[in-house]
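**Q** Submitted below is the structure of interest, expressed as structure tokens.
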């Protein structure tokens with residue numbers, strides 16, 4: 001029989017902590033399996049650390065969001081936000097469910113094309129579109145969302161040169177009662193910039209204005225702000241109809257819906273404080289339906305939901321390197337993953353579960369990553385059992401942005417696997433090696449030799 005780990009006796013006042021809707025908190029329970037697959041077997045087969053994605057959860061999230069919006073509004077189309085997680089396996093899972101693509105760069109656009117998404121079902125957003133990007137989008141009949149006047153003028157010139165009339169939308173920023181207001185992108189609604197852009201498009205006669213787009217923020221916790229945005233876009237669309245006797249065919253409300261992660265400094269865990277998807281749907285669809293559109297002229301509602309669709313489908317598995325006591329007596333545990341692959345730890349207190357059963361003793365702990373950087377802090381304070389070197393943990397809600405924003409600083413990026421709906425594990429991205437890191441480097445001949 002294995003010798004049990006010694007746990008020093010401790011006298012501690014009982015404190016059940018905050019209650020949630022199910023009773024006392026249970027976030028410290030061990031998580032030994034993901035989608036029926038053993039955590040330890042995954043780490044044994046693919047190495048530590050390791051990203052794990054659940055195909056079942058991705059499809060479940062998409063189908064739930066689609067159902068929630070379509071029961072409230074007759075014309076809905078989702079477009080998967082590539083920047084949220086642009087792994088082809090993730091993107092194609094959404095495309096199989098019927099989602100279009102939403103991209104903000106040339107390489108994301110090319111990924112969508114290579115994944116088989118028709119050009120007319122790729123929404124091209126973002127402030128950085130080159131002339132080459134615009135030409136490619138026009139050739140593929142992709143809706144181009146114009147961000148600023150310089151882009152509008154360049155696009156007008158290119159359309160004239162190509163003798164084509166591309167489908168375009170303008171991005172609109174506005175005051176929705178959430179501050180600081182996102183006004184870096186697009187044309188402002190309140191000061192007339194948006195209407196000025198519309199008039200310029202119509203005066204040129206070179207562009208086909210078909211849509212209005214906004215993206216009011218990220219991790220938005222106030223659904224009513226989307227209602228304000230939908231109302232203002234609707235008002236702009238109706239004014240356009242009245243002025244030019246032409247319909248806006250779609251309103252794109254962008255993304256920004258929050259996942260169930262817990263923001264740093266939040267009084268309640270994300271599971272209890274983050275709005276449900278139906279609350280966003282209710283605010284948006286009610287505003288459009290009450291705006292005054294004729295029943296036959298209702299615009300399509302486009303949604304670029306990313307984080308809320310994939311965050312809880314992703315996990316990061318990792319192992320304990322060592323433990324130590326800081327100068328103030330706090331317990332510190334060093335993990336084999338850090339902020340280089342867990343970028344969102346700067347904003348969220350991610351739920352972290354031990355991957356093995358443990359005793360009753362727990363202790364407030366600070367979790368560090370392995371990087372030689374003082375800011376490499378995974379959790380500033382978390383209550384965990386005493387983990388010994390070689391023990392493993394599971395970090396929850398890691399599917400959004402951590403993979404697409406990860407970097408190979410000091411530690412190389414790990415492998416990524418997806419567990420399909422039949423509980424079969426698929427490697428969808430191999431772990432980086434020195435060879436993959438150095439691919440593309442060119443060493444000048446005169447630097448190849450030295451004598452130390």
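Just so you know, all these numbers are worked out from the coordinates, no wet-lab data involved. If you're wondering where the values come from, they're calculated on a predicted model, not measured in any experiment. Positions of Cβ are generated from backbone atoms using ideal geometry, with glycine treated the same way; all protein chains shown enter the neighbour counts.
**Q** When the helices in the chain are scored as -39500 (n - 2.57) per DSSP H run of 4 or longer and the sum is shared across all residues, what 222 nm value do you end up with, to the nearest 500 deg cm²/dmol?
**A** Here the helix-only value at 222 nm equals -8000 deg cm²/dmol.
**Q** Most exposed first by the Cβ proxy, i.e. fewest other Cβ within 10 Å, how do 449, 304, 279, 438 rank?
**A** 449, 438, 279, 304
**Q** Rank by packing, highest mean first: peptides 43-51, 200-208, with packing defined as the count of other Cβ atoms within 10 Å averaged across residues.
**A** Top of the packing list down: 43-51, 200-208.
**Q** Given a Förster distance of 56 angstrom, what is the FRET efficiency for residue 276 paired with residue 141, based on the Cβ-Cβ distance and rounded to 0.05?
**A** 0.95
**Q** Give the shape of the chain as rounded, prolate or oblate, defined through the alpha-carbon gyration tensor: a ≥ b ≥ c are the square roots of its eigenvalues, a/c under 1.5 means rounded, and otherwise the shape is prolate if a/b is larger than b/c and oblate if not.
**A** It comes out prolate by the Cα gyration axes.
**Q** Cα centroids of the range 369-423 and the range 90-128: how far apart, whole angstrom?
**A** 28 Å
**Q** Please compute the modelled spin-label separation between residue 33 and residue 294, points set 7 Å along Cα→Cβ, answer in nm with one decimal.
**A** 5.9 nm
**Q** Over the range 55-310, what relative contact order in percent results from Cα pairs under 8 Å that are six or more residues apart?
**A** Relative contact order comes out at 20 percent.
**Q** Okay, moving on. I'd like the FRET efficiency for residue 63 and residue 446, computed as 1/(1 + (r/R0)^6) with the beta carbon distance as r and R0 of 56 Å, rounded to 0.05.
**A** 0.40
**Q** What's the exposure ranking of 410, 352, 452, going from fewest to most Cβ atoms within 10 Å?
**A** With the sparsest Cβ surroundings first, the list reads 452, 410, 352.
**Q** In degrees, nearest 10, range 0 to 90: what is the angle between the Cα axis of helix 223-244 and the longest Cα principal axis of the chain?
**A** Here the helix axis deviates by roughly 20 degrees.
**Q** Suppose R0 equals 41 Å. What FRET efficiency, 1/(1 + (r/R0)^6) with r the Cβ-Cβ distance, do residue 433 and residue 162 give to the nearest 0.05?
**A** Once rounded, the FRET efficiency stands at 0.40.
**Q** Ok, one more. Mind checking the full-extension length gain between residue 120 and residue 371? Use 0.36 nm per residue of separation minus the Cα-Cα distance, one decimal, nm.
**A** Taking 0.36 nm per residue and subtracting the Cα distance, the gain is 86.0 nm.
**Q** How would 372, 91, 214 line up from fewest to most surrounding beta-carbon atoms within 10 angstrom?
**A** So the ranking, lowest neighbour count to highest, is 372, 91, 214.
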